[in-house]
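Right, one structure below, let's go through it.
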Amino acid sequence: MGFHVKHLLVLFLSALLLAGRGGSSRDSEIQVVLDSSFLQKFVDQLPDMPRIQTYSFKNGVPVSNPLEIGMFKKKWKFHRDWPETLVFAFGTTAEAATVPGPTIEALRGTPSVVTWDNRLPRHHILPWDATIPSALPTRRNTGIPTVVHLHGGIHGPENDGHAMAWFTSRFRETGPTWTNRTYLYPNLQHPGNLWYHDHAMGLTRVNILAGLFGAYVVRDPAVEDALGLPSGPEFDRHLVIFDRSFLKDGSIFMNATGNNPSIHPQWQPEYFGEAIIVNGKAWPYLEVRRRSYRFRIINSSNARFFRLSLTGGLSFVHIGSDSAYLPRPITSSRFLLAPSEIADVVVDFSATDSDVSILTNDAPYPYPTGDQADPKGNGVVMKFVISGEAAEEASKVWQQSPLPARLVASPAAIEREAVATRYVAMYEYESKEGEPTHLYLNGKSFDAPATETPSAGTTEVWNVINLTEDNHPMHVHLGLFVALEQIELVDADKFKKCMQKRNDAVGCRLAEHAVGSRIPVPAYETRWKNVFKMRPGCLTRMLVRFSLLNSDNQPYPFDAAAEPGYAYHCHILDHEDNVMMRPLKIVM
């Protein structure tokens, strides 16, 4: 990775300080991993995470309600029959902290003011590898670094949760790009779904695995109330889905030995857990009525894709994707959700005669060519128990309030408005034994100077070329984009060899190779998103917009060109950490 010997020594010592007993005690050779396949499913009711608002009303006018949200070490019970688990959790107090964290509700046009308070201990509860580029305290026992990124937020770079803007407990030590204790989120974007999570350099995968993530929603009653969508705490629910494995003592299991231990003692290319968790409970159930429900589904897994479907002949009606509404509802029988993607769907439980519907998953892991999901284990997500009127009568009642034909309009994606064309190549590097060692974008690490420097208020075409065997969910901070098309590469090995030598898509004649089959973008993903799945062996063309999502191209109400800038990266957390992430620098 090009580190000096002195830096490696600092890395090693920092790993010892941060991991402490938390890393060494999790040896898979010593403790036994819990076989979750023998546990009874659907015994825990689906929780609804605490909801906290970033606003209040004064004389009928909305005003910001400043929040302080802490990060705490505590115990959490993921299943009725498992021991309690040590986790890191977000909450207004240690007692109120949850996994996932509280659902933060914001109001469009009213800024959110949030102080993220790191109360984490000196040592991590999971193994940690400091041989990858990482947030590194220089003083002993200052605590675990963290920084919060509001995923999908449109805000200034000093509030973006830059990977090197980390801070330890009580701000005893801060990273080189740290700026302020309190973050300001303007909430001027369209209403929609976001989520917040740790983003500390080299620690994102373990901090999120430990529990540092939660849902965030921007509401706009003036726009949304007229849509007549299912609403209220009972009928409008978040489903935050993730996977974990556990040891017999209840602790989270993460292998302490890497696939290349002589290079990276702990790092592995993907983490997969055997238990599927929804809102903090393994394989929960939810009692529903025979009517429509809105589910805001977030995939907060490290690396697992979910291809979701419902038994009983039920379908999904997509009304939003990531942080934006769709212009009209679109129906699907199943859909693929990558790590960090958000699907906003409506399910009408009156459309089945069954009393039960199971939310299932059949996505291979790693996706798309890995092991098949186990239909008795990680192929099951949760259970809906349907009660109430007979299906025929319930359907008649619900037909009185059908879904609207139109939802929320957004500007069209017009390719001719692009002012620049960029090429982004995805590379995976291997040891002589053929095991992955690290991943780069455009052959560069995160600490190399920014090469993607769009101007604020402009639109660009990004040609993303996936030269690996994995599907990589690409996330662009600040920018929104539309996937224009995906094209299979012909004679891909020849093109890959050229790219590995020259790293020049035009010079390697991309146009002659990007002539294979065109893979259509699913209809429910054809509008503005902040994450999209980059298929292996394909060119994905995206129209990326660096302005507010409105028709008059309104400029950002903050200095987007300020330091420390933004980033774009693969959202498989193990890839992002090592180090499939590049700086994104906006210029004025």
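Given the structure, is R244 of a type in the set (K, R) and either outside any loop (DSSP other than H, G, I, E, B) or touching a His at 6+ places or on another chain (Cβ under 6 Å) (or both)? Here the answer is yes, as R244 does meet what is asked. The residue of region 124-159 that is surrounded by the most Cβ atoms within 10 Å (Cβ to Cβ), among those that are in contact with a His (Cβ under 6 Å, 6 or more places away or on another chain) and in a loop (DSSP other than H, G, I, E, B), is I144.
Please enumerate the residues belonging to region 163-188 that are open to solvent by less than 20 Å² (accessible area, probe 1.4 Å), assigned to a loop (DSSP other than H, G, I, E, B), touching a residue at least 40 places away in the same chain (Cβ under 8 Å) and touching a Gly at 6+ places or on another chain (Cβ under 9 Å). A163, A165, T168, N187, listed by residue number.
Among the listed residues L229, L194, which satisfies the condition of being open to solvent by 10 Å² or more (accessible area, probe 1.4 Å), outside any helix (DSSP H, G or I), in contact (Cβ under 8 Å) with a residue 24 or more places away in the chain and aliphatic (A, V, I, L, M)?
Values: L194 fails: open to solvent by 10 Å² or more (accessible area, probe 1.4 Å).
After applying the criteria, what remains is L229.
In this structure, D249 does satisfy being in a loop (DSSP other than H, G, I, E, B), open to solvent by 50 Å² or more (accessible area, probe 1.4 Å) and either more than 23 Å from I297 (Cα to Cα) or free of Cβ contacts under 8 Å to residues at least 24 places away in the same chain (or both). Annotation: G91 fulfils all but one of (1) open to solvent by less than 10 Å² (accessible area, probe 1.4 Å); (2) in contact (Cβ under 8 Å) with a residue 60 or more places away in the chain; the unmet one is (2). Is it the case that R21 is under 27 Å from T98 (Cα atoms), of a type in the set (K, R) and at pLDDT below 50? When the stated conditions are applied, R21 passes them. Among the residues of region 393-402, is there at least one that is at pLDDT below 95, surrounded by 18 or more Cβ atoms within 10 Å (Cβ to Cβ) and not aromatic (F, W, Y)? Taking every residue of region 393-402 in turn, at least one turns out to be at pLDDT below 95, surrounded by 18 or more Cβ atoms within 10 Å (Cβ to Cβ) and not aromatic (F, W, Y). Taking region 407-457 as the range and being charged (D, E, K, R) and either open to solvent by less than 60 Å² (accessible area, probe 1.4 Å) or touching a His at 6+ places or on another chain (Cβ under 6 Å) (or both) as the test, the residues that pass are R422, E428, E452. Within region 66-84, residues that are assigned to a loop (DSSP other than H, G, I, E, B) have Cβ atoms under 9 Å from residues that are open to solvent by 30 Å² or more (accessible area, probe 1.4 Å) and aromatic (F, W, Y) in these pairs: E84/W76, counting only partners at least 6 apart in sequence or on another chain. Give me the residue from region 94-104 that is within 23 Å of L46 (Cβ to Cβ) and in a loop (DSSP other than H, G, I, E, B) and, out of that set, most open to solvent (accessible area, probe 1.4 Å). Ranking the qualifying residues of region 94-104, first place goes to E95. Among residues that are in contact (Cβ under 8 Å) with a residue 12 or more places away in the chain, in contact with a Cys (Cβ under 6 Å, 6 or more places away or on another chain) and not acidic (D, E), H472 is included.
Matching residues to (1) under 22 Å from G152 (Cα atoms); (2) in a strand (DSSP E or B):
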| position | (1), (2) |
| --- | --- |
| N255 | no, no |
| G258 | no, no |
| W267 | no, no |
| E270 | no, no |
| R296 | yes, yes |
| S301 | yes, no |
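Test of understanding: among E460, E469, which residue is open to solvent by 20 Å² or more (accessible area, probe 1.4 Å), at negative phi and of a type outside the set (F, W, Y)?
Details: E460 fails: open to solvent by 20 Å² or more (accessible area, probe 1.4 Å).
Being open to solvent by 20 Å² or more (accessible area, probe 1.4 Å), at negative phi and of a type outside the set (F, W, Y) holds for just one of E460, E469, which is E469.
Looking at A511, A561, just one residue is in a helix (DSSP H, G or I), of a type in the set (A, V, I, L, M) and open to solvent by 20 Å² or more (accessible area, probe 1.4 Å), and that residue is A511.
Residues that are touching a Gly at 6+ places or on another chain (Cβ under 8 Å), β-branched (V, I, T) and either more than 24 Å from P191 (Cβ to Cβ) or buried (at least 19 other Cβ atoms within 10 Å of the Cβ) (or both) do not occur anywhere in region 105-121. For the criterion of being under 21 Å from P50 (Cβ atoms), open to solvent by 10 Å² or more (accessible area, probe 1.4 Å) and assigned to a strand (DSSP E or B), H238 passes. For region 101-158, a residue qualifies if it is free of Cβ contacts under 8 Å to residues at least 60 places away in the same chain and acidic (D, E), and exactly one does: D117.
One residue stands out among those in region 277-332 that are more than 23 Å from the chain's Cα centre (by Cα) and small (G, A, S): the one that is most open to solvent (accessible area, probe 1.4 Å), which is G313. A count restricted to region 519-552 and to residues that are more than 13 Å from G479 (Cα to Cα) and surrounded by 13 or more Cβ atoms within 10 Å (Cβ to Cβ) stands at 17. If you go through region 424-465 and keep only what is part of a strand (DSSP E or B) and of a type in the set (F, W, Y), you end up with Y427, Y429, Y440, W462.
The values are calculated or read from the model by the stated rules, or taken from the named source; none is laboratory data. In this text, all values refer to a predicted model and were calculated from it rather than measured experimentally. Note that we place each Cβ from the backbone using ideal geometry, even for glycine, and neighbour counts take in every protein chain shown. Note: accessible area is taken over every heavy atom of the protein model, side chains too, but ligands, DNA and RNA are not part of it. Shrake-Rupley method; radii C 1.70, N 1.55, O 1.52, S 1.80 Å.
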